[in-house]
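Below is one structure, written out as structure tokens, with a few remarks after it.
FYI, it's all coordinate maths here, none of it is from the lab. Computed from a predicted model, the values in this text were never measured in an experiment. Quick reminder, even Gly has a Cβ in these numbers, built from the backbone with ideal geometry, and neighbours come from all protein chains shown.
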Amino acid sequence: MYKLIDGKLISTTIKDELKQEVADKNIKATLAVIQVGNDPASSVYVGNKKKACEYIGIGSKSFELPEETTEEELLKLIDELNADDSINGILVQLPVPKHIDDEKIINRISPLKDVDGFHPESVGNLCIGQEGFVSCTPAGIIELLKRSDVSIEGKECVVIGRSNIVGKPMALLLLANNGTVTVCHSRTKDLKKVCKRADILVAAVGKPKMITAEYVKEGAVVIDVGIHRMDNGKLCGDVDFDDVAPHTSAITPVPGGVGPMTIAMLMVNCVKAAKRR
């Protein structure tokens, strides 16, 4: 019988620990959240981030900018927030409208306030094992594994997906925890065979229910990063849960698996930013 890895429960535990630390140490922190346009999914995410700040006892400032905001106006706002000592963390909700270069935006945020962990300096620190902010979704997955008593050391770990936000930092974090890591992508030959080697399989492929039992070794731990809305309105992940779950020792559900951990780890980074200062 497989174990269901409960991301909701683990994320609440992390937020409760942070809430206690913020109160005990009288930590003052404020997160600036910038949203350009009114994409409905982005609005939900921004709302959840503000609620999480309130829950752990830190401040948040919201900047809701119209769709037609220019790149120059957005960069000017980031410069102002970089210079504002009352702001510890800056987050620009992605995606931004097409006329804005998201790379330029990410690079403009001060590495000291880069609570998303996307700045090249943050990524570089992760690469060489230095202290710094780590991308929230991969960091959350490591916490899910550790708090579910899944040992990474010496395990064969396969990551499907090589994005800068999930796939690449995920591979680096598994490596830092002494996993033996393979990164797969759209050009990988015999993907099923490679995935079947995995003791820990992380699916961040971006295709609904692509990963079936044929990809999974008996007794593997499967982490599903994907989230998609099906025609019937229900959510699903990159993993065909009903097909795969019986073959695993542990698996994350969608929803309620990786998703809640991303916001919990954002809060970890916000508190870290305040303590660093």
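Observations on the structure shown:
- Distance between the stretch 1-61 and the stretch 165-205 - C-alpha centres, whole angstrom: 28 Å
- Residues Phe63, Phe133 arranged by fewest to most Cβ contacts within 10 Å: Phe63, Phe133
- Percent antiparallel among DSSP beta bridges (both partners in the stretch 145-246, rounded to 5): 10 percent
- Per-residue [θ]222 nm for the chain (sum of -39500 (n - 2.57) over DSSP H runs n ≥ 4, rounded to 500): -12500 deg cm²/dmol
- For the stretch 1-97: rounded, prolate or oblate by the Cα gyration tensor [a/c cutoff 1.5]: oblate
- Reachable aspartates and glutamates, given that their alpha-carbon falls under 19 Å from the alpha-carbon of Lys19 and they are not under 8 places away in the same chain: Glu54, Glu143
- Label-to-label distance for Ala176 and Glu73 is 3.7 nm, based on points extended 7 Å past Cα in the beta-carbon direction.
- Cβ-defined net charge surrounding Phe118, 13 Å radius [Lys, Arg +1; Asp, Glu -1]: -1
- The stretch 225-277-the stretch 124-156 distance, computed between alpha-carbon centres (Å): 15 Å
- Placing unit charges on the Cβ atoms of the charged side chains and taking the dipole of the chain about its Cα centre, the candidate lying farthest along the positive direction among Ser60, Val36, Ala171 is Ala171.
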